[in-house]
1. Please give the residues of segment 111-136, grouped as numeric ranges, whose backbone N is less than 17 Å from a label point set 7 Å along the Cα-to-Cβ vector of residue 301.
2. On C-alpha positions alone, give me the angle between the axis of helix 262-274 and the longest principal axis of the chain, in degrees, nearest 10.
3. Quick one: what Rg and Dmax do you get for the chain from the alpha carbons, in Å?
4. Could you rank the peptides 76-86, 97-107 by their average count of other C-beta atoms within 10 Å per residue, with the highest value first?
5. Applying a 10 Å radius around every beta-carbon, put 262-271, 130-139 in order of their mean neighbour count, most first.
6. Please compute the length gained on full extension between residue 133 and residue 67, using 0.36 nm multiplied by the number of residues separating them and subtracting their Cα-Cα distance.
7. Using only the alpha-carbon atoms, how far is helix 290-299 inclined from the longest principal axis of the chain? Give it as 0 to 90 degrees, nearest 10.
8. Gain in length, residue 17 to residue 284, computed as 0.36 nm per residue apart minus the alpha-carbon separation, to one decimal in nm?
Amino acid sequence: MINYGIEYIDTRQSLELLVERLNEATAIALDIETINWWDRTRERISVIQIAFREQGDLRVGVIDVLAGFDLESLRRPLELNLQTKAIHNASFDAVRLARHLGIATSPVHDTMLAARRSGEKKCSLQAQVKTHLGFDLDKTEQQGDWSRRPLDPEQLQYAALDAACTLILFEQQMAKGLRGDYQLREKIDKRPSPLSVPLQIEPSVVVDGELAASALALLGIVVELSGRYSPEQLAASTGSERIGMAGWIIDNLIGTEADIDENTARDDISMLTERGLITLSLSRRLETTSLGESTWKRQKKFK
């Protein structure tokens, strides 16, 4: 494991003090936790985690976005070129920061992208931590209720650890000369929207009219195991449960040596729901639709 300090930020004053300290950092790592992420009209950011070094010590500020205070002071350190912002799978976190807060994070080093460019097959945060930091990330709290307040100590620990690990992975990648440059694909309106509207920034889940392999795998799991998973359970299980029918589908579509990052899974599930391929039942279980079933039968590459 790694040693780091956690600071809970739930007021404008405490955020401004944190921002002053961030100005002295040479690099920071970002991570977010969201609520209702499977429904783009209801999705919100719950917390933002920022990891940085202070006199060599690793610190993580966990910013409670749902506390309702003014976050404007966060814009300057995230948008200016004062330091690199390391994000694991920036197509999820950076896009949400733009969508919900109107913040165009830059410059960004995507640690997942850098790992993939170096030739690694398993590039999820969980896999990268296991390979390069030597321990298993506990993803139990990923399925927790991030809308509930106060947050549990376990939730704060979970949130902070992901950001801390991302910063260390970034430092290791820099030492190896790996590049993970990432940019938002479209210019955004830098005013936070009161509603969460879909931004067509990362359309990577569809390729030439066909679902990308990860999205197709998740659709197949819901079709074949309709009603078994909640959105949180399915997103969490894709990187860790390669057993049974679900594991067989993933192995056949993306290969046994690759994996699906949890945030990629969230994006895919959100897209599948938005397109009417899957739906959420009253008991909060993912179920297939007739369109989803026909799409799965048409696009799957095996019998």
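None of the figures in this text is laboratory data; all of them are computed from the coordinates on show. A quick note: this is a predicted structure, and the numbers were derived from the prediction, not measured. All Cβ positions, glycine included, derive from the backbone under ideal geometry; neighbour counts span all protein chains shown.
1. Taking a point 7 Å out along Cα→Cβ of residue 301, the residues of segment 111-136 whose backbone N falls under 17 Å are 121-122.
2. Taking the Cα atoms of the chain, the angle to 262-274 is about 50 degrees.
3. Cα radius of gyration and Dmax of the chain are 18.8, 59 Å respectively.
4. Averaged packing, sorted descending, gives the order 97-107, 76-86.
5. Answer by packing, highest mean first, reads 262-271, 130-139.
6. That works out to 20.5 nm of additional length.
7. For 290-299 against the chain, the angle is about 90 degrees.
8. 92.1 nm
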